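*Asks:* Let me begin by handing over the structure; questions about it come next.
Every read-out reported here was derived from the displayed coordinates using simple, explicitly stated rules and does not represent laboratory data. Since the structure is predicted, the reported quantities are computational estimates derived from the model, not experimental observations. Backbone-built Cβ (ideal geometry, glycine too); neighbour counts: all protein chains shown.
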Amino acid sequence: MKVLVIGAGLGGLTLAQGLRREGIDVAVYERDDAAGRPQGVSLHIDDRGGAALRGCLPPPHAAMIDATMGGLREQTLSLSEVDGALAVVDTQPSDARPGRQAHRPLLRAVLLTGLEDAVRFGAEFTRFERQADGTVRAWFANGRTDTADVLVGADGVGSAVRRQYLPHARVVDTGRRMTMGATALSAIPRLPDQIGNNPAVARCTARQWCWPPCDSPRHLSTHGNGCCPPYAIVRSPRSRTI
């Protein structure tokens with residue numbers, strides 16, 4: 001059996017690792033070049049995600065991911081300025097399923113390891129066609145074609161595979177947008193000791209606690225590479241939660 005996976009993101013690469021582990025021939029096609037795009041900073045992985053990674057990856061890969069993740073995230077902290085210093089003012093059980101924070105670029109690099117001969121970069125999928133013998137043939141913008149027994153669309157919310165296979169399916173825009181970035185924990189004195197591995201909401205008005213300065217709440221968390229990734233969820237042009 002041969003499987004074609006369209007998209008070398010986290011899902012596509014994890015699937016490719018699992019297929020190869022079971023001895024199944026797999027080829028992954030990715031429209032971006034090998035350098036990829038700056039895409040994401042951190043990722044929350046709960047027990048289900050961890051089990052899936054261990055089930056699909058070679059043990060050394062899974063061990064590398066485990067060693068570079070942050071500690072268990074079980075509660076959400078509220079931070080505010082008290083007497084001129086940032087302090088924890090409230091603690092609540094986390095809304096999310098308990099898990100650990102992974103550094104997304106590092107996670108993708110680990111997932112790519114060992115698949116160098118299977119991933120074709122710079123190959124944008126354009127269409128597929130079922131063949132008379134039951135196989136499927138895929139075409140790419142660079143003129144290349146490939147044939148396999150199974151075609152998997154792992155090319156994200158704008159999936160070109162889905163557009164052809166399920167042309168009636170409609171993507172619903174939730175109206176939310178997220179912007180993320182990473183800041184060295186050492187840039188904010190005492191913060192690592194205050195929040196540990198937990199997500200935190202910082203309600204701030206002082207310029208030194210906010211980037212860019214604003215009066216909205218900001219969500220902070222840590223992952224295993226020693227960075228604190230703040231992010232913004234934009235609900236509408238007039239209302240922001242950061």
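*Asks:* Going highest first, how would you order 162-174, 61-73, 26-38, 78-90 by mean Cβ packing within 10 Å?
*Replies:* Averaged packing, sorted descending, gives the order 61-73, 26-38, 78-90, 162-174.
*Asks:* If you don't mind, there's one more thing I want to ask. Using 1/(1 + (r/R0)^6) with R0 = 45 angstrom and r between the beta carbons of GLN75 and ALA132, what's the FRET efficiency to the nearest 0.05?
*Replies:* Calculated value: 0.20.
*Asks:* Could you tell me which of rounded, prolate or oblate describes the range 1-77, using a ≥ b ≥ c as the square roots of the eigenvalues of the alpha-carbon gyration tensor, with rounded for a/c under 1.5 and, failing that, prolate when a/b is larger than b/c and oblate otherwise?
*Replies:* Oblate, because a/c is 1.5 or more while a/b does not exceed b/c.
*Asks:* Using θ = phi - 60° and the Karplus relation 6.51 cos²θ - 1.76 cosθ + 1.60, list the HN-Hα couplings for the range 35-49 in order, rounded to whole Hz, with x at every Gly or Pro.
*Replies:* Each residue's phi maps through the Karplus curve to give 5, x, 10, x, 9, x, 10, 10, 8, 8, 10, 8, 4, 5, x Hz.
*Asks:* Take the Cα atoms of the range 88-165, find their three principal axes, and give me the spread along each one in whole Å, biggest first.
*Replies:* In descending order, the Cα extents are 64, 28, 21 Å.
*Asks:* Another one. Mind listing the phi-derived Karplus ³J(HN,Hα) values for the range 65-75, rounded to whole Hz, using 6.51, -1.76 and 1.60 with θ = phi - 60°, and x for any glycine or proline?
*Replies:* Karplus values, whole Hz, x for Gly and Pro: 5, 4, 6, 9, 8, x, x, 5, 9, 10, 9.
*Asks:* Enumerate by residue number the GluC sites (Glu not before Pro) in the range 116-157 meeting two conditions: DSSP loop (anything except H, G, I, E, B), and at most 16 other Cβ atoms within 10 Å of the site's Cβ.
*Replies:* Here the GluC sites (Glu not before Pro) that fit, given the DSSP loop and packing criteria, are GLU116, GLU124.
*Asks:* Could you give the nm distance between label points at ASN142 and ASP83, where each point is 7 Å from its Cα heading toward the beta carbon?
*Replies:* 6.2 nm
*Asks:* Given axes a ≥ b ≥ c from the Cα gyration tensor, I'd like to know whether the range 1-139 is rounded (a/c under 1.5), prolate (a/b larger than b/c) or oblate.
*Replies:* prolate
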